[in-house]
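Student: Got a structure here, written out as structure tokens. Questions coming.
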Amino acid sequence: MVRRLALRTLAACLLPACALSAFPPGRASAQGVVDGGFVGSYYANPSFSTTPAFQRRDNRIDFTWTGSGVGGSSSPEFAGVGRQAFSAGWTGRILPATSETYSFALTTAGAVALYIRPAGNHPWTTLIADFGSSPRARQGTVALEAGRSYELLLYYWQYGPQGQLSLDWGSPTIPMATLDAATPLGVNIAYTSPNDPSLIFADAVMQAAAFQVNSNYASFNAPAPVDAQGWPTTDATLPLWSVPREPEGTYLLSFTGQAQVVDWLGIGSFSVGGVAYGATLPAGAGYDPASNTTTAEWVVPATASPTSGAFLGFVASQRTPDAAVGSGVTNVHLMRPLARGSASSHPLGELFTADFKKLVSNFTVIRYMDYLATYANNQRHWSDRVKPTDRTQYQAQAGYGWQGKGAAWEYAVELANETGKDMWINLPLQVDDDYVTKVAELLAFGSDGTNPYTAPQANPVYPPLDPNLKVYVEYSNELWNTAFPMYHQNCVLAQQEVAAGGSPLNFDGSTSTAVWAHRRVAERTREISDLFRAVWGDAGMMSRVRPVLEWQYGDAHGTGSDGLKFLETYYGNADGQAHVANPQPVSHYLWGGGGAWYALPVNPEASTIAAIYASGLDPSLPGTTAADAAWTLAYGLQELGYEGGFYVGANNVSVTNSAAQTDLQNAANLDPAASAFEAETIDLFFEKGGNLPLVFTTSGEQYGIVYPTIHDQDTPKMRAILAAIDGGRPAATIGTPAPGTLPVSSAAVATGATQMQGALTKPGDFVGWSVNLPSAGTYSVTTDAGTATPQILIDGVPVGTGSWTGPLGQGLHGIRIRATGPVAINNLIVTQ
């Protein structure tokens, strides 16, 4: 199915003038909020006075304000709203899945008012209006039609230092739950290099390379001497970028001290107070002796012939009025234009560019794999990390990959808070337990810039993750990928662990080093999950903290199932042996799993763009996504596609492309035809059992969803993504229909090839089906095993032996039969 693209409408904030189901939900949902979430307008007063301090697109309304401020960021507009005496209003458009009466529930400790109406110019209907201040729950009901969109309007007033607000909904057939995204979709963001077109930070200096000596400023191998914070102690040059790319507009330059500033390549012109100075700002121009600060504008014009970079040299520099000439400068800032060609720049103190936030605000989840420089990241200890107080967030260093050391965790949290989006983090391969614990603490409590807090703080220097947001936790990235150094490092670590003796990786006598490596990824993920649980508590796990295990497309080479089976067998004692004293199902440690979901045309090397698209979409994607879903369903996990989307390229085929062919493919990615292919790719992921796909990546020719920079977001791929986010997701089409008799030939997963035929020969052997139930209800599950009584597992949890009867929700479920001794299974029997 190719989704028809619809016009995207931005919700405007309108301000006023003055039964819990017993059914496990399966993969059914009430649909949810569209357009990327609820547009929230936050006021630094309890009366909606003046203009909002800030706006953001919140994934969901599920807040508890007991610690730091409401904004969750040090950017000026966010930092100005404290948790006491504020007001906020949200608008959002929702889609119900069924035609019936829905209940809307507010849990609150402030004054609230909730309204609803059919989308369009219709009168508002009051669902809840309660202007009390004590903790309480209120509920309203309204009849909704499936597929019709409705607008919600919610106001909140908080007068005291603590507050709470959550919005749930449900119906007689759909369990009450937080009103969340109808079509969840995530995005991978770029790394913080000087040359990346995503332009993450509003201050270009935060992504600039190391200062170089003026006499060899463009070499990148002539570093100037710097102090402990990275500021030059002599005259020096700051390399801003080194590619022919100049996003035109007005930049705001500010630094402590005074100096002559030279734009070595003359790409822009300096000015102060309307006086233009050209490519050289004289020493003393724009200097304020009272604050020892120099301020100037630097205007970069649009050009058809961009230079090879931008380099600002500081000459005859003085840190302080009494310092020697040539003593350097500190606190250099270069705030980017608000938009391409804008005459206004981002204000000092602003963390992220407006257009970058505009892009990621459309999504549900931000994946920080590249931002954290996960590739070849050799951090081991907390002291190895990049700090928010470092001069730059781009730090190239020997022993690391091409992305350097990655950027600060604190800024990753603040980006999530400013945009209202969940986080997906990737922990470096070799970090120790203390590092993992400190990341968990930083997310929960914030940090002082050096170390995380260990308890909630009233005024943290760097805030924790906002209370309505979730974090997906992944161990490294693509540890199955033989082209990555992390793959080989993981293999060595697994072999060293086995060689040391007493390792669970070979508990069953396995001699396969590949199996050890696969198991080690699952084992370390389990350890990480336990470390986060020690910080966040049981209540925080899987609800807010969601550990994930990702693998190769379609579980190729057992990269996923080896780990899943290991966790269940060893840490769940599934083989009947008492390996651990407190056995747990896999879902105790993991929330989700899956693989990538990239899609290509059948012939990406055709000689014309028309021929590329005429070849159609490669059919391999649906099969691998469905295979990933079979394994996640079997263990009660959500299927998560960590990266993917449609692209035209040939790096998955064994053909060497010419430069002309690459140029043709890059042009094909920007062709209008890419929109329908991107839409079909997204639809297929959901239809084949996926729950959360994350596109790769924010910008770039081949994979990027915007091009050439973050300012250029009206691309064919992005139009398809917005159309998906703005509507309901397709229903899953996989799974064997039930009730009915399901032969073993329709099974989806098993311990091995023999077990897939129903021959379970030893304790722990299993065979499993993915079933798709048409409605919620009471179901019975049994087999034709005769007098044998194998275990029955539903969604990864043992529920009985021999037979089971109980409630199941509509949609997809994983049902497995697990042996306690030799047994032959020919059929799974599901009745209602």
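The values are calculated or read from the model by the stated rules, or taken from the named source; none is laboratory data. Note that the coordinates shown come from a computational prediction; the quantities given were computed from them, not determined experimentally. No Cβ is skipped: glycine too gets one built from the backbone with ideal geometry, and neighbour counts run over all protein chains shown.
Student: Which one of these does Ala650 not meet: (1) closer than 30 Å to Ala539 by Cα; (2) at pLDDT below 95; (3) aliphatic (A, V, I, L, M)?
Tutor: Of everything listed in (1) closer than 30 Å to Ala539 by Cα; (2) at pLDDT below 95; (3) aliphatic (A, V, I, L, M), Ala650 misses just condition (1).
Student: For region 775-827, which fully contained strands (runs of 3 or more DSSP E) count at least 3 residues that are in contact with a helix residue (DSSP H, G or I) (Cβ under 7 Å, 6 or more places away or on another chain)?
Tutor: Because the criterion is at least 3 residues that are in contact with a helix residue (DSSP H, G or I) (Cβ under 7 Å, 6 or more places away or on another chain), the strands (runs of 3 or more DSSP E) in region 775-827 that meet it are 811-818.
Student: Something else: Collect the residues in region 760-780 that are over 37 Å from the mean Cα position of the chain (by Cα) and under 24 Å from Leu564 (Cα atoms), keeping them in residue-number order.
Tutor: Those that are over 37 Å from the mean Cα position of the chain (by Cα) and under 24 Å from Leu564 (Cα atoms): Leu760, Thr761, Lys762, Pro763.
Student: Moving on. Residues in region 340-353: is at least one out of contact with any Phe, Trp or Tyr (no Cβ under 8 Å at 6 or more places or on another chain) and in a strand (DSSP E or B)?
Tutor: No.
Student: Tally the residues that are surrounded by 21 or more Cβ atoms within 10 Å (Cβ to Cβ), in contact with a helix residue (DSSP H, G or I) (Cβ under 9 Å, 6 or more places away or on another chain) and on the phi > 0 side of the Ramachandran plot, restricting the search to region 354-400.
Tutor: Total satisfying the criteria: 0.
Student: Here is a check on your reading of the model: is Leu253 modelled with pLDDT of 95 or more, part of a strand (DSSP E or B), of a type in the set (A, V, I, L, M) and within 29 Å of the chain's Cα centre (by Cα)?
Tutor: The answer is no for Leu253.
Student: Follow-up question, since we're still on this one. All but one of (1) out of contact with any Ser or Thr (no Cβ under 9 Å at 6 or more places or on another chain); (2) under 27 Å from Leu694 (Cβ atoms) hold for Glu350; which doesn't?
Tutor: Every condition holds for Glu350 apart from (1).
Student: Taking Ala748 as the residue in question, decide whether it is crowded, with 16+ Cβ neighbours inside 10 Å, among the small types (Gly, Ala, Ser) and closer than 26 Å to His557 by Cβ.
Tutor: When the stated conditions are applied, Ala748 passes them.
Student: I want to confirm something. Restricting to region 512-527 and keeping residues that are crowded, with 23+ Cβ neighbours inside 10 Å and of a type in the set (A, V, I, L, M, F, W, C), which single residue is nearest to Leu564 (Cα to Cα)?
Tutor: For region 512-527, the residue satisfying everything is Ala522.
Student: Inspect all residues belonging to region 45-53 and state whether any of them is in the same structural domain as Tyr159 (by TED's automatic domain parsing), in contact with a helix residue (DSSP H, G or I) (Cβ under 7 Å, 6 or more places away or on another chain) and either at pLDDT 95 or above or in a strand (DSSP E or B) (or both).
Tutor: Scanning region 45-53, I find at least one residue that is in the same structural domain as Tyr159 (by TED's automatic domain parsing), in contact with a helix residue (DSSP H, G or I) (Cβ under 7 Å, 6 or more places away or on another chain) and either at pLDDT 95 or above or in a strand (DSSP E or B) (or both), so the answer is yes.
Student: Okay, next question. Looking only at helices (runs of 4 or more DSSP H) that lie completely in region 557-638, which have at least 1 residues being of a type in the set (S, T, N, Q)?
Tutor: In region 557-638, the matching helices (runs of 4 or more DSSP H) lie at 561-571, 620-634.
Student: Checking the structure you have, find out if any residue of region 528-542 is of a type in the set (Ser, Thr, Tyr), surrounded by fewer than 22 Cβ atoms within 10 Å (Cβ to Cβ) and either touching a strand residue (DSSP E or B) at 6+ places or on another chain (Cβ under 8 Å) or farther than 22 Å from Thr482 by Cβ (or both).
Tutor: Within region 528-542 (the criterion being of a type in the set (Ser, Thr, Tyr), surrounded by fewer than 22 Cβ atoms within 10 Å (Cβ to Cβ) and either touching a strand residue (DSSP E or B) at 6+ places or on another chain (Cβ under 8 Å) or farther than 22 Å from Thr482 by Cβ (or both)), the answer is no, since none of the residues qualifies.
Student: Right, another one. When region 212-250 is examined, which residues are found to be surrounded by fewer than 16 Cβ atoms within 10 Å (Cβ to Cβ) and assigned to a strand (DSSP E or B)?
Tutor: Result: Pro223, single match.
Student: Then there's this: Across region 308-353, which residue is farthest from Ser215 (Cα to Cα) among those that are surrounded by fewer than 16 Cβ atoms within 10 Å (Cβ to Cβ) and of a type in the set (Val, Ile, Thr)?
Tutor: Thr320
Student: Please find, within region 152-166, the residue that is nearest to Leu179 (Cα to Cα) out of those that are surrounded by fewer than 20 Cβ atoms within 10 Å (Cβ to Cβ) and under 27 Å from the mean Cα position of the chain (by Cα).
Tutor: Among those that are surrounded by fewer than 20 Cβ atoms within 10 Å (Cβ to Cβ) and under 27 Å from the mean Cα position of the chain (by Cα), it is Ser166.
Student: Quick check, is Thr126 in a loop (DSSP other than H, G, I, E, B) and either at pLDDT 95 or above or not aromatic (Phe, Trp, Tyr) (or both)?
Tutor: No; evaluated as a whole, the condition is false for this residue.
Student: I'd like to verify a number: residues in region 515-536 that are of a type in the set (Phe, Trp, Tyr) and under 18 Å from Gln495 (Cβ atoms), how many?
Tutor: Matching residues across region 515-536 total 1.
Student: Of everything in region 751-774, what is part of a loop (DSSP other than H, G, I, E, B) and surrounded by 20 or more Cβ atoms within 10 Å (Cβ to Cβ)? Give them in sequence order.
Tutor: Those that are part of a loop (DSSP other than H, G, I, E, B) and surrounded by 20 or more Cβ atoms within 10 Å (Cβ to Cβ): Thr751, Gly758, Gly764, Asp765.
Student: Being hydrophobic (A, V, I, L, M, F, W, C) and either outside the structural domain of Ala109 (by TED's automatic domain parsing) or at pLDDT 95 or above (or both) is the filter; apply it to region 54-69 and report the residue that is surrounded by the most Cβ atoms within 10 Å (Cβ to Cβ).
Tutor: Residue satisfying both the conditions and the ranking: Ile61.
Student: If a residue has to be part of a loop (DSSP other than H, G, I, E, B) and over 19 Å from Val332 (Cα atoms) to count, how many in region 268-308 make the cut?
Tutor: Pass one, region 268-308, residues part of a loop (DSSP other than H, G, I, E, B): 268, 273-274, 279, 282-286, 289-292, 301-308.
Those still in the list that are over 19 Å from Val332 (Cα atoms) too: 273-274, 301-308.
Total satisfying the criteria: 10.
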